[in-house]
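*Asks:* Got a structure for you, written out below as structure tokens; questions coming shortly.
Each reported figure results from applying straightforward, stated rules to the coordinates on display, with no laboratory input. Because the structure is predicted, anything quoted here is derived from the model rather than measured. Note: ideal-geometry Cβ built from the backbone for every residue, glycine included; neighbour counts use all protein chains shown.
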Amino acid sequence: MPATYTIDPDAGLVRIVCSGVFTNQEMIDCMERLYRDPARTPGMPSLIDCREVENMQVTPAGCQAAATISATLLDPVQPPWAVAVIAPQDEVFWIARTFEVLRAGSPQTVRVFREPTDAQRWLNAFRA
């Protein structure tokens, strides 16, 4: 499966791993599953690891659809939350940055990083 997630209630974190061929539909399906999962606590930050993506097929239109889903399903009921994306590959990095820009000004603060340590450091600082 190109996108899987685990909810770690002890760490207060959602970990998402994207791999292989990653498409708009796979991204949206994962988001919808996660956002409807009763184990997910409102405001719980996420760490999205895209290091295993081999072929990025998410488009700017897919990013817009994902931003709309976030705005519709979460913004009205969520406290502010953080999403750190690990994206070392150029094509993944720029698509993730598109999502970051689309979510600017919303309760969801998205930041994209090339290095996992930078992503984790930012996420820890955001939660502090």
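*Asks:* Report the one residue of 56, 87, 125 whose Cα lies farthest in the direction of the positive end of the charge dipole of region 50-128 (charges on C-beta: Lys and Arg +1, Asp and Glu -1; origin at the Cα centre).
*Replies:* With unit charges placed on the Cβ atoms, the residue in question is 125.
*Asks:* Calculate for the chain the 222 nm mean residue ellipticity that helices alone would give, adding -39,500 (n - 2.57) per DSSP H run of length 4 or more and normalising by residue count, nearest 500 deg cm²/dmol.
*Replies:* -13000 deg cm²/dmol
*Asks:* Under a crude label model (7 Å from the Cα following the beta-carbon direction), how far is residue 19 from residue 61 in nanometres?
*Replies:* That separation, rounded to one decimal, is 3.0 nm.
*Asks:* Moving to a separate point now. Which listed residue (30, 17, 99) has the Cα farthest towards the positive end of the charge dipole for the chain, taking +1 on Lys and Arg C-beta and -1 on Asp and Glu C-beta about the Cα centre?
*Replies:* 99
*Asks:* Same structure again: Spin-label point model (7 Å from Cα, Cβ direction): what's the residue 69 to residue 124 distance in nm?
*Replies:* 3.1
*Asks:* State, as an integer percentage, the relative contact order of the chain based on alpha-carbon contacts under 8 Å between residues 6 or more apart.
*Replies:* 23
*Asks:* What FRET efficiency comes out for residue 117 versus residue 54 if R0 is 22 angstrom and r is the Cβ-Cβ distance? Round to the nearest 0.05.
*Replies:* 0.45
*Asks:* Turning to a different aspect of this structure: Amide H neighbours of residue 83 under 5 Å, at least 5 residues apart or on other chains, H built in the peptide plane: list them.
*Replies:* Here the answer is 46, 109, 110, 111, since their amide H atoms fall under 5 Å of that of residue 83.
*Asks:* Could you work out the Rg to Rh ratio of the chain, with Rh taken as the Kirkwood radius (inverse of the mean 1/r over all Cα pairs)?
*Replies:* So for the chain, dividing Rg by the Kirkwood Rh gives 0.92.
*Asks:* Taking the chain as a Gaussian network, where each spring joins two C-alpha atoms under 10 Å apart, which residue of 61, 82, 11 fluctuates the most?
*Replies:* Evaluated over the chain, the most mobile residue of the options is 11.
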